[in-house]
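In what follows, a single structure is set out as structure tokens and then discussed.
The values are calculated or read from the model by the stated rules, or taken from the named source; none is laboratory data. Note that this is a predicted model, so its numbers are computed, not measured. Counting neighbours? That spans all protein chains shown, and the Cβs are built from the backbone with ideal geometry, glycine included. For the accessible areas, the whole protein counts, side chains as well, though only heavy atoms, and no ligand, DNA or RNA atoms are used. Shrake-Rupley method; radii C 1.70, N 1.55, O 1.52, S 1.80 Å.
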Amino acid sequence: MLRIQVLHGPNLNLLGTREQSIYGTQSLDALDSAITKLAKELSVKVDLRQSNSEGELVTWIQEARSKYDGIIINPAAYTHTSIAIRDAIAAVGLPTVEVHLSNIHQREEFRHRSHIAGVAIGQICGLGPTGYLLALRGLHDHLTASLREKKTAAPARLPRTARGTRSLRSRSSDRVQSEGSIE
Ligand code: DQA
């Protein structure tokens, strides 16, 4: 079963009451329930956490390396300031999707820049809570495809004696072929 960590950054605990014209009326609990429901449908294990602290988010990302297959993160205001969060994501190397409820590119100039986008496999913004659900589907598909690729790329391992036999046979057929081509 795929395991995905979902991280919400600072002030997202105030969803539902915070600047409703920008972030909507849905609470963080309601958003987490919608994510959990979709995760069940996709047979994905999700762990959802929110923190107002940059250091705590960095620690959770570091710990994710051994516990999860991918990360979905809305780093909130840290998107625009945190090289530490970017470095943590780059360090663990887990496929990460960046999500924002609002369209950061339509808002104030200082929100246009994301330090996270360069280390994420994708960014979804401006679609409200639906963005998290799309991120979950997208990351699920990405991880499933990489697993499938890894399986087909792995060479079939033959037992030692069989390998010897095969290489002898291919060497003699090489000879026949080259003799044939000389004639
Ligand atoms: C946000 C956008 C950020 O610019 C802002 O600081 C947030 C929320 C979003 O989800 O739209 O706190 O990440």
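Where only protein heavy atoms count, and the probe is 1.4 Å, what is the accessible area per residue for segment 108-147 in Å²?
51 Å²
Excluding Arg49 itself, calculate the net charge of residues whose Cβ lies under 10 Å from the Cβ of Arg49, where each Lys or Arg counts +1 and each Asp or Glu counts -1.
Combined, the nearby Lys, Arg, Asp and Glu give -3.
Give the cross-link partners of Lys150 among the aspartates and glutamates, using a straight C-alpha distance below 17 Å as the criterion and excluding same-chain residues fewer than 8 apart.
Candidates past the 8-residue exclusion: Asp69, Asp141.
Would you work out what percent of the accessible area of segment 79-150, with all protein chains in place, is carbon or sulfur (probe 1.4 Å)?
It is 54 percent, rounded to a whole number.
Keeping all protein chains in the complex and leaving out DNA, RNA and ligands, what accessible area do you get for Ser66 with a 1.4 Å probe, in Å² to the nearest 10?
100 Å²
Could you do me a favour and compute the accessible area per residue for segment 11-100, 1.4 Å probe, result in Å²?
46 Å²
If the cut-off is a Cα-Cα distance under 17 Å, which lysines reach Lys45, setting aside same-chain residues fewer than 8 apart in sequence?
Once the sequence-local lysines are set aside, what remains near Lys45 is Lys37, Lys67.
So for each of 27-40, 48-61 I average, over its residues, the number of other beta carbons within 10 Å; can you give me the resulting order with the highest mean first?
Ranked from most to least packed, the peptides come out as 48-61, 27-40.
Is the C-alpha gyration tensor of segment 1-83 telling us rounded, prolate or oblate? Criteria: a/c under 1.5 is rounded; beyond that, a/b larger than b/c is prolate, otherwise oblate.
In terms of gyration-tensor shape, oblate.
If you average the C-alpha positions of segment 90-119 and of segment 1-40 separately, how far apart do those two centres end up, in angstrom?
Cα centroid of segment 90-119 versus Cα centroid of segment 1-40: 17 Å apart.
Keeping all protein chains in place and using 1.4 angstrom, which order do Glu41, Glu63 fall into by accessible surface area, from largest down?
Glu41, Glu63
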